[in-house]
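Heads up, the thing below is written out as structure tokens.
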Amino acid sequence: MALESIDLQAFAQALSVPTQEALEALPQFQRQPAAWQFAFDLLASSNVNCRFYGAHTLQVKVAKDWDTLDEERQHALRDELVRLVVEQSDAPLNVLSKINQTLASYALHAVPDICNNFLPTVINEIEERVRSSGKHARYAGYAVVDFLELLPEELNRASIGVTQHAKLIQDIKESLPDVLDILTSVVRGLPGSRTPSSAPEFAALVGQDPTWRARAWKAILQWLQFGISKDSLFVLLLDMSLQQLETMAEHQLHDSNQVDEDELNAAAAAVDDMTSNIHMAAKHTKTIGTLMLEKFGQPWFSTILELSIANGEDQRALQWGSMLVSFGETYTEFLIRKLTDPQLSEHVSTFLKIMLALSGFPGYHGITEDLSDQPLNFWYLLQETLVDFLYDAEDNPELSQTVASTQAAIKQVYIELLKVLVSKCAYPPTNIWMDADRDEREKFISYRREAADALLNTYYVLREDMLPLLIDEVISSMGSFALDRWQSLESLLFALKSIGEAVPETESTFLPRLFSADLLRQNFMPMLQASLGSDDRAAQWGLTSIKTSILSLIGAYGEWWKGHPELLPVAVPCVTSSLSQPPLVQAAVAAFRRICDSCRDQLTGATGSMVILACEVLLAGNTVPAREQQRIFESVAEVSMAQSPVNQIQSITPLILALSTALSKSASLLEDAPKVSSTSDLEPYLAPLLNHLRLVESLARGFQFSDEIEETALVGEPESKAALTFAAQCYRNSRELRDFRTTLLALMNREVSLEIWPRDLHTNMVQIDDSLLECILSIINNSAKRGPHVFAFEFGDIVAFIGNAWNTAIARVENATGVVIFGRRWSDQCPAFLQCISQLVVVFSTKANDWQLTRPDIAEADRLLGVVLTRVIDDVYAGISREADALTTAIEQQPVIAEYIFDLCTRVLQTRYELFVDLEPSSIGRLCDLGVQALSIPNRLALKPTAYFLTTLIRLSSSDGSSSGSGGSGSGDGAMRNSIAKRVAASKLLESLWHEYGAAWLRTTLAAIGGMHPRSLLPNLSELLFAMIRHHLTTIRQWMTELLSQPEFPSPFVDGSTKRQFLQQILATRSFTKAKGIINEFSIKCRNLQDTAYIG
Amino acid sequence: MPSYYKLYRTSTLGAALTDSLDELITAGHITPQLAVQVLEQYDKSISEALSTKVKVKAVMKGNLRTYRFCDDVWTFIIKNPLLKFDHEITTADKIKIVACNSRRPGE
């Protein structure tokens, strides 16, 4: 439809249908000036559709083209709109609402400058005009309630200036008492309520209709958000609302159809909002709290709630219950303080009983009901408030009586809550569980987690009173256990498990009854070993659940076992004997780990049997899943660390030998594997070796000395130093360990050459994924530590291995014809290599300690690391360059490699920057070049580590920045002299790098700040620029002056004076915070974003 | 539109949105006013989404090193926190928790 030649009559005709074409053309037409008049013409039509689109058009014009109206027209428009509202008050609701929306849009622009005291004026006018037009008064009510519901919504959606918004809200808030007067008059139209005599006639008439009462409630909720400044009005409103709810409840109890669900929902939401108003709660705790308690304590409330609960009507119970929960959560302190108040205690008690009833709502949460989780947070808040209350009352002897009676009363409540929670945590009968869908089951499980938190809160209130309640029940249930009633025992075990972390290890009254050696042997163990003769699915589920709960319970009390080591010889076998049952493996391993973590010292004597267990797990192969095997191995290794090195070696030797044999076998299996064409075909040959190497990795993780002993040894504590040195010697001299290390190293070297990068690459390259290499490098990482390690390899051997692996990979990539594919594979492996080398730098380039027997002297270590780093930098540069013709494009394609290489180099600078002297100058040049290129692309992954590397380098490149972060001093004067000489040479080298590349780094940084890069990268760039200024002020002043004098650099949007101002400010500041502000401001100017609301 | 907290603008998502808006303004595709509206809508949507859509719970333990309450904002710095999610446990050297009132005063 061409707008220039549009036939308005035909267009109106088309809108009366409306046709698709007309609807598509309407938005475009609404932008035309002619749409103003057209809107009024449409509104005069007798066709409802035309009137609706007329109102729509007028609303769009008022909202978007307000500024095209002159002042006189703006004033006159209000009158016209009120006239239209009255005219359409008997029209279908969509037309009335649309014209009311137009009036609301008008208010957003016109109030208060053009029209103040807007709401009372408009409402009066509507009422009078309806009366004078001869229409029935209820039409005024429809128009007013509809408008009052729409206006706050429009205010929320409006995008108007802050000042106009504030003025508008002020004007509106002043009318709030009048607005609420009208709306409450409407809601009091409910039969059985009393409409005030002062209420406008239209309100009383509209209030007879439940639909309009519901809308009035919704409007009240909307208006509440603006805050009622007059407190007495708030209390009156709340009181009125509660009275209305009481009337609604009466109707519901008598099955009257006078109240519809929508009305009740809306009223409940409004009361909910008022009860959770924390500002009013803080100011009028007593008034509002008392009012609410008195209402909630009346029979009508408990009756309707009890009826809903008894009938299992969770939606209805939710309607009433949510108000209660909101009140409870907001007024917890009030509740605690009034628990023993003679006047209110009964009400508080009733309230808490209702909360308990809601918590124990019949059914299974998530499956047959959705209500019982609502009050859980209340119980947490109540417990926290009780703690505060007791703390406050601690020093006040006058309150001791009150405190005691409050505590006693609260304990009774929480004892009831415990019973409720235990019953709610019980799994449903098999048929209900099997019929439940996945979402429902997850909801139930999730509920149990939340209930477990509430159980913990219950424990904090009841403490030692809670344990006998649960333990007696558990013992009794175990004694009379029947599989068809397993749920109740499981729930008790779950409750006991939930509080495990809070029960002190010193508890020796109740837990020993449950965890006595006799009970463990006679009840727990047989139950864990029980099996069913049949395949009855329900019975299997029950038995497995009980067994899993027992294992979780044993694991949860890890800290408690620590205080009762005499029971460990019985408890641990309960756990380990379950490893042979596949459904229990995960729970058994988790429990095993918890016990090992907590009772490392107590289990020292049991290392031998734990090693036997690990050997059995190893021999059993797939019976225990690989991940769980690794967890067991790590725990066994950790426990072995509590022994003396001699004993440790003796106890772990059988495991090391078994693992060595297994490794050889699995390696042979892979090496002898037939040629296969896919990864899945290779899996059976690869998986055993990978699993066995991962077991080595797990042991390597577990064989770590504690940070504490390493730290004390590093600061020279003689006992720690002696312990570490002795351990290192034992590990080095042990023939078994030496043999294992040799075997392992040879195997790793062989696998790299034969399997990971085999010579006949074309046929085999798809067969091995990177997990094997990553696992091998992880073993190196975990065994190359500053402290002694069972698997510590000689530094030269590690370097040779890394060199071999790296060279093999590079050689294969370079020789292969399918360079792209092999290059990609190398790039995937590269980060793992770089991370490993980074670890070597940290361990072997810092100060040598007595216990580091596997490292060479500092000069040799530097030389070897220098060779490795040079090679790596060169190959990475070549590898990235291979990706694309332009280096920047290549970095964009391989940002992860740039990230890792700069991370590695930063680590070198931070750990021992003297190593840069051992690098080839050409390699350093490549690195610096790579830095410039990585800095020039807006790739976050590459830019952040690059900027950090350059910042670190620049800090070290000035004469005052190179005195820290370096170890490596040897002994004797000669070594000291060499060390100092090397440090001086390194400083000079870094300074020369600044002079050679600094200008390029600066140029790129300024260009990036000037708009080449997104603003979110400014923090990194600011840090870099500030480091340059801080450490090289003289050169930077000269370079920046030259660069910024170039036209349109760094941006065409900044002129010479802006750049000069930036230069002066940035060079003058010594504060990084100020510098960031200056750079940010300059960057905004460079992007031409200044002076806009967007930045403001 | 009532104002929402702007603290999510520095998140990865917010920073990416700001970068994109910068680009669109610089290229003349949108006005700064529209960008303001987009950011305000983002403030609203992210606040609502985080409070209503996220159901994941985490349990955290650690050493509370510093805490302060200033201008209605709580700040907690936790050393060596251990965060337990439903199926994952993670650690960090330290974390900062910034907590604001879910309903701003006067609203």
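Structure values in brief
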| quantity | calculated |
| --- | --- |
| Some residue of segment A:81-89 being open to solvent by less than 50 Å² (accessible area, probe 1.4 Å), more than 26 Å from A:Phe202 (Cα to Cα) and either of a type in the set (A, V, I, L, M, F, W, C) or in contact with a strand residue (DSSP E or B) (Cβ under 6 Å, 6 or more places away or on another chain) (or both) | no |
| Residue identified as open to solvent by 30 Å² or more (accessible area, probe 1.4 Å) and β-branched (Val, Ile, Thr) among A:Ile172, A:Ile160 | A:Ile160 |
| Entirely in segment A:430-518, the helices (runs of 4 or more DSSP H) that have 1 or more residues that are within 14 Å of another protein chain (Cβ to nearest Cβ) | A:438-462, A:486-498 |
| Lone unmet requirement of (1) open to solvent by less than 10 Å² (accessible area, probe 1.4 Å); (2) within 21 Å of A:Ala886 (Cβ to Cβ); (3) under 33 Å from the mean Cα position of the chain (by Cα) for A:Leu927 | (3) |
| Residue satisfying condition, being touching a Cys at 6+ places or on another chain (Cβ under 7 Å) and among the hydrophobic types (A, V, I, L, M, F, W, C), within set A:Leu8, A:Leu23, A:Leu42, A:Leu58 | A:Leu42 |
| Evaluation of B:Val98 against (1) more than 14 Å from chain A (Cβ to nearest Cβ); (2) farther than 30 Å from A:Lys443 by Cα (one fails), failing number | (2) |
| Among the candidates A:Glu628, A:Glu683, residue that is part of a helix (DSSP H, G or I) and crowded, with 16+ Cβ neighbours inside 10 Å | A:Glu628 |
| In segment A:1068-1086, the residues that are open to solvent by less than 20 Å² (accessible area, probe 1.4 Å) and either at pLDDT below 95 or within 12 Å of chain B (Cβ to nearest Cβ) (or both) | A:Thr1069, A:Ser1083, A:Ile1084, A:Cys1086 |
| Residue list for segment B:5-27, filter: under 30 Å from A:Arg449 (Cβ atoms) and more than 9 Å from every other protein chain (Cβ to nearest Cβ) | B:Tyr5, B:Leu7, B:Tyr8, B:Ser11, B:Leu13 |
| Cross-chain or 6+ apart pairs with Cβ under 6 Å, segment A:153-169 first and within 11 Å of another protein chain (Cβ to nearest Cβ), then open to solvent by less than 30 Å² (accessible area, probe 1.4 Å) | A:Glu154/A:Ala104; A:Ala158/A:Leu108; A:Ile160/A:Leu108 |
| Flag if A:Glu1048 is open to solvent by 40 Å² or more (accessible area, probe 1.4 Å), more than 14 Å from every other protein chain (Cβ to nearest Cβ) and under 33 Å from the mean Cα position of the chain (by Cα) | no |
| Segments classed as strands (runs of 3 or more DSSP E), wholly inside segment B:11-107, with at least 3 members that are basic (Lys, Arg) | B:59-70 |
| Qualifying positions in segment A:339-356 - in a helix (DSSP H, G or I) and either under 33 Å from the mean Cα position of the chain (by Cα) or crowded, with 21+ Cβ neighbours inside 10 Å (or both) | A:His347, A:Val348, A:Phe351, A:Leu352, A:Ile354, A:Met355, A:Leu356 |
| Residue within segment A:369-385 that is without any contact (Cβ under 8 Å) to a residue 40 or more places away in the chain and either in contact with an Asp or Glu (Cβ under 6 Å, 6 or more places away or on another chain) or open to solvent by less than 70 Å² (accessible area, probe 1.4 Å) (or both) present | no |
| Conditions (1) more than 14 Å from every other protein chain (Cβ to nearest Cβ); (2) open to solvent by 10 Å² or more (accessible area, probe 1.4 Å); (3) among the β-branched types (Val, Ile, Thr): number failed by A:Val144 | (2) |
| Selected residue (only one of A:Asp1055, A:Asp1091 is within 14 Å of chain B (Cβ to nearest Cβ), of a type in the set (D, E, K, R) and free of Cβ contacts under 8 Å to residues at least 60 places away in the same chain) | A:Asp1091 |
| Residue under evaluation A:Phe705, criteria (1) open to solvent by 20 Å² or more (accessible area, probe 1.4 Å); (2) part of a helix (DSSP H, G or I); (3) closer than 19 Å to A:Ile779 by Cβ, criterion not met | (2) |
| Residues that are hydrophobic (A, V, I, L, M, F, W, C), more than 11 Å from chain A (Cβ to nearest Cβ) and open to solvent by 50 Å² or more (accessible area, probe 1.4 Å), drawn from segment B:28-52 | B:Leu50 |
| Test: B:Lys55 is out of contact with any strand residue (DSSP E or B) (no Cβ under 7 Å at 6 or more places or on another chain), under 22 Å from A:Thr1092 (Cβ atoms) and modelled with pLDDT under 90 | no |
| Residue among A:Arg631, A:Arg627, A:Arg701 that alone is in contact with an Asp or Glu (Cβ under 8 Å, 6 or more places away or on another chain) and within 27 Å of A:Arg594 (Cβ to Cβ) | A:Arg701 |
| Residue in segment A:102-117 that is open to solvent by 10 Å² or more (accessible area, probe 1.4 Å), under 23 Å from A:Arg213 (Cβ atoms) and away from chain B (no Cβ under 14 Å) present | no |
| Residue ID - nearest to the other protein chains (Cβ to nearest Cβ), chosen from residues in segment B:53-89 that are surrounded by 11 or more Cβ atoms within 10 Å (Cβ to Cβ) and among the β-branched types (Val, Ile, Thr) | B:Val59 |
| Segment A:646-670 residues that are without any contact (Cβ under 8 Å) to a residue 24 or more places away in the chain and charged (D, E, K, R), paired with ones that are surrounded by fewer than 16 Cβ atoms within 10 Å (Cβ to Cβ) and assigned to a helix (DSSP H, G or I) (beta carbon under 7 Å, 6 or more apart) | none |
| Filtered residue count, segment A:412-446, keeping only those that are under 27 Å from the mean Cα position of the chain (by Cα), closer than 17 Å to A:Asp373 by Cβ and not small (Gly, Ala, Ser) | 8 |
| Wholly enclosed helices (runs of 4 or more DSSP H) of segment A:186-297 bearing at least 2 residues within 14 Å of chain B (Cβ to nearest Cβ) and either out of contact with any helix residue (DSSP H, G or I) (no Cβ under 8 Å at 6 or more places or on another chain) or on the phi < 0 side of the Ramachandran plot (or both) | A:210-224, A:261-275, A:278-283 |
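The values are calculated or read from the model by the stated rules, or taken from the named source; none is laboratory data. Just so it is clear, the structure is predicted and the values come from calculations on it, not from any experiment. Neighbour counts run over all protein chains shown; Cβ positions are idealised from the backbone, glycine included. The area values use the complete protein model at the heavy-atom level, side chains included, leaving out ligands, DNA and RNA. Shrake-Rupley method; radii C 1.70, N 1.55, O 1.52, S 1.80 Å.
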